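The values are calculated or read from the model by the stated rules, or taken from the named source; none is laboratory data. Every value quoted in this text rests on a predicted model; they were computed, and no experiment measured them. Using ideal geometry, Cβ is built from the backbone for each residue, glycine included, and neighbour counts are taken over all protein chains shown.
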Ligand SMILES: [Zn+2]
């Protein structure tokens, strides 16, 4: 039986890059990736400094 790779929960509801995650951990993972992507765009100057991007 599959378990969440992050917290070990048996309540698996998502597969990200071939790894199983529960709903909560998958959400946190995706949010981290999106925030990291936004910060990268901001570092490259593709997002105006006036736009607030949450810290990583
Ligand atoms: Zn989890």
* Asked: Within the set of pairs 6+ apart or on separate chains, which have a first residue in region 2-22 that is under 16 Å from residue 33 (Cα atoms), a second that is part of a loop (DSSP other than H, G, I, E, B) and within 11 Å of the ligand (Cβ to nearest atom), and C-beta atoms under 8 Å apart?
  -> 19/5; 21/4; 21/5; 21/6
* Would you check if residue 36 is at pLDDT 90 or above and away from the ligand (no atom under 16 Å from the Cβ)? => yes
* **Whichever residue in region 29-54 is touching a helix residue (DSSP H, G or I) at 6+ places or on another chain (Cβ under 8 Å) and surrounded by 11 or more Cβ atoms within 10 Å (Cβ to Cβ) and, among such residues, is farthest from residue 5 (Cα to Cα)** => 47
